[in-house]
Amino acid sequence: MKMRMKNSTILATATLCASLVLTVPGYAEDKSIIVQSTTSTQNSGLFDHILPMFEEASGIKANVVAVGTGQAIKNARNCDGDVLFVHAKPAEEKFVADGYGVKRFDVMYNDFVIVGPAADPAGVAGRNDAAGSLKAIADAKAVFASRGDDSGTHKKELALWKDAGVDVKAASGTWYRETGSGMGATLNVSVGMGAYAMTDRATWIAFRNKGEFKVAVEGDTAMFNQYGIIQVNPAKCPNVKADAAKSFVDWIITKDGQSAIAAYKLDGKQLFFANAAKEGAS
Amino acid sequence: MLDQPVARSATQLPLAVAGLCFRAGGSTLINELDLILTDHGITVVMGPNGAGKSLLVRLLHGLIEPQSGSIDWNGKGCGQHTRLRQAMVFQKPVLLRRSVAANVDFVLRLKGIADRERLEQLLAQANLLAKADQPARALSGGEQQRLALARALASDPDVLFLDEPTASLDPSSTQTIETAIAEASGRGVKIVLVTHDAGQARRLANDVVFIHRGAVIEHAGADGFFKQPASMAARDYLAGKLVI
Amino acid sequence: MQDFAEAFRLAFGLVAAMDANLVEIIGLSLRVSLTAVLVAAVLGMPLGALLATVRFPGRRAVVIVVNALMGLPPVVVGLLVYMALSNAGPLGFLQFLYTPAAMIIAQSILITPIVAALTRQIIEEMNFEYAEQFASLSVPWHTRIIALISDARYALLTVLLAGFGRAIAEVGAVIIVGGNIAHLTRVMTTAIALETSKGDLALALALGIVLLVIALLVNAAVMSLRAGAERRAHA
């Protein structure tokens, strides 16, 4: 009878669905860690370059969750990661001081740049002083797109505005626009509305939607961008994979990891400069 | 009148209805209705439009609750327990969105008597065996009503209500249905049939309940009723006049 | 804008080359969203059918709440599931965070109300039609619900498609609880978000085109299945 046939169709569909469920990997493999990190390291392609080398050397798979530095730290405070790899030194030191991290190590640096439209309405192109340039942008009321998301880049930008003596809070919504988004999304916005923006150089070099935009301001030591790595403390977070996490930290701050970082180039340009202290891990 | 020494409806009869009232939307649709059914066989309910015929059979079947009055099937009241031994065929059949056979099978399984032979017998009786695997809702109006009747009989009821089952059917389908009704009655099933078709009533009825404005005006044996109706309303109705 | 032409060229190239990364991402997208649809069907359909057929005090309020939950923002669902599955949360011990299981949970929560609300609507209309006949037959409530779901199965397929559409297209929930980890929790929508943030708009759009085509294929497959079965067995 027809009913029977339809039942078998339904049964077949259900079986198909069930098999789909069963093939979903429920867990990451045992030899894997979660690295809470930032969009700049992810978007620049650095991780795609160095993580396979680490996996090759150690047999450990590093899974990267790329969010803003602020959120990465928050996630790690919730014990949702084995390693924290971000760029906001004061916040990182507080993370360790609060007991969530074992120890903080310098890993690498690059620098921030201010990018802007070719028309350069604030006339800052070619300058190398961050605070002075920002003051000029503010005086010209030229549109500036800020991350506004409590990320490492955002924190750095706010510090520079403070140096420039500009109260951006008051200008928010007029010429100062907070996107509340990641670096890439903010660059898309800034290109879209011809706004200046501050970005780390690695993200900028890897960014594909530059339009007519160019680097306007670069070379100020105040725009130095240091990355640090911290193993999440197993004493606070019993679930973390302490051994694998330590292996990753050790690898990245010693010779193999450091040279892997230095070797990463995009369009012929080196994006990150390894600078882990020589005493390294111990 | 048929002689039925071992009527299966014996457990349900007599039916005693007293002071039955049903009101809806501010008007009284069933008004102090009294009725006693003691005889087996086929009771035909007649009356003009709006008299309350459909409402009455729904009340007797326990599908709706009266506001006052009582319905009593052989001392057992009226409700889920009496409904279990009854079945009903509606004017507009509500068929499940399944095959013809599955519609009957649904009721057989419900009653815990799933049985292929019985299924085929019911379909054969409704002249639907050849269409067993077709979608029920693709049947013609007559076929749908025959299926609805077969499905009602599948539950092996003691009492069968039919609410104008042949109202929009052609003569051939009407005849098939009438034959099935007579056959069920012959097996001892108590039939309560609502119809406007005087010819059908004459062919089938053992007794006639004539209702008007929500009350029983006349309840008589079929022969007597059709020869000489006692009430003016029934006379007018049978003569095709407007009944006031 | 040449990005459009470039996007179509890229999309075609990716599909033609059966790009291994793309195949993996598509596979995970389908597994996560189809499983979520299955969960939503198992939970949402009986819930919708219950709401349609059973009268209880507060039923109207529940119906309104379920209808309103159709508008759940994916980001909010993602956040709630993150907070629950986080190692700092009550379900942290499951170790589901940043795995496909977390993504399935989030999407299931997102689409179960959709399945429940639409099921209730369909079943309620059908129940209205069947009610008197079922009462006459004294059909018990559980048999009634099963019969209604079974008879409404073709309409309910469309409901599942609506749920699937919502699941496969959302990014807000899966990116939070999955983390967009390459080769582990990266699905079509999070890959699109990533490429957009890299400024590779053409590639992002190309992935979007592929996603659209997949959604189209799934819909076409289900609809032709339905049409065939309906022709054979139902009118």
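Every number in this text was worked out from the coordinates using simple rules, so none of it is lab data. From a predicted model like this one, the values you see are computed outputs, not experimental measurements. Because the Cβ atoms are built from the backbone with ideal geometry, glycine has one as well, and the counts that use them run over all protein chains shown.
With a Förster radius of 41 Å, plug the Cβ-Cβ distance of C:Ala131 and C:Ser224 into 1/(1 + (r/R0)^6) and report the FRET value to the nearest 0.05.
Values: r = 33 Å, r/R0 = 0.81.
In this case the efficiency is close to 0.80.
Using the Cβ-Cβ distance between A:Asp167 and A:Asn239 with R0 set to 51 Å, the FRET efficiency works out to roughly 0.70. Scanning residues 5 or more positions from B:Val45 or on other chains, those with amide H under 5 Å from its amide H are B:Leu193, B:Val194, B:Thr195, B:Val209, with H placed 1.01 Å from N in the peptide plane.
How long are the three semi-axes of the equivalent ellipsoid of region A:156-282, in whole Å, if each is the root of 5 times an eigenvalue of the C-alpha gyration tensor, listed from largest down?
33, 20, 15
Mean residue ellipticity at 222 nm from the helices of the protein assembly as shown, using -39,500 (n - 2.57) per DSSP H segment of n ≥ 4 over the full residue count, to the nearest 500 deg cm²/dmol? So the calculated ellipticity at 222 nm is -16500 deg cm²/dmol. Counting Cβ atoms of other protein chains within 10 Å of each Cβ in A:77-89 and taking the mean gives 2. Using only the C-alpha atoms, the convex hull of region B:122-184 corresponds to 82 Å³ per residue.
Taking 8 Å as the Cα distance limit and 6 or more residues as the minimum spacing, I'd like the relative contact order of chain C as a percentage.
On the way: 280 pairs, mean separation 73.2, N = 235.
Dividing the mean separation by the residue count of chain C yields 31 percent.
Taking 11 Å as the cut-off, the amide N atoms of region B:188-202 that come nearer than this to a point 7 Å along the Cα-to-beta-carbon line of B:Leu238 belong to B:202.
Legend: mean number of C-beta atoms from other chains within 10 angstrom of residue C-beta atoms, peptide C:91-104, equals 4. Sites listed here are trypsin sites (Lys or Arg not before Pro) in region A:102-171 whose DSSP assignment is loop and whose Cβ has at most 15 other Cβ atoms within 10 Å: A:Lys141.
Percentage of Cα-Cα pair distances in the protein assembly as shown greater than 42 Å, rounded to whole percent?
Details: 145661 of 289180 pairs.
Tail fraction, whole percent: 50.
Rg/Rh, computed from the Cα trace of region A:39-125 with Rh as the Kirkwood radius, has the value 1.08. When the listed pairs A:Lys89/A:Lys269; A:Lys103/A:Lys135; A:Lys162/C:Lys198; A:Lys31/A:Lys269; A:Lys155/A:Lys210; A:Lys214/A:Lys269 are checked against a 27 Å cut-off, the alpha-carbon distance exceeds it for A:Lys103/A:Lys135; A:Lys162/C:Lys198; A:Lys31/A:Lys269. Shape descriptor for chain B: Rg over Rh equals 0.96 (Cα atoms; Rh from the Kirkwood inverse mean 1/r).
Express in % the proportion of alpha carbon pairs of region A:111-223 at distances exceeding 23 Å. That tail contains 14 percent of the Cα-Cα pairs. Here chain C is described by how far its Cα atoms reach on the three principal axes: 65, 49, 29 Å, from widest to narrowest. With the highest mean first, a sort of the peptides C:192-199, B:118-125, C:99-106, C:132-139 on other beta-carbon atoms found within 10 angstrom per residue produces C:99-106, C:192-199, C:132-139, B:118-125.
For region C:42-115, go through all pairs of different Cα atoms, get the mean of 1/r, take its inverse, and jot down that Kirkwood value in Å.
Values: mean 1/r = 0.0735 Å⁻¹.
Roughly 13.6 Å, rounded to one decimal.
When you work out D = kT/(6 pi eta Rh) for chain A at 10 °C and 1.306 mPa s, using the Kirkwood radius from C-alpha pairs as Rh and the Stokes-Einstein form, the result is 77 µm²/s. Helix C:100-136 and the longest principal axis of the Cα set of chain C meet at an angle near 20°.
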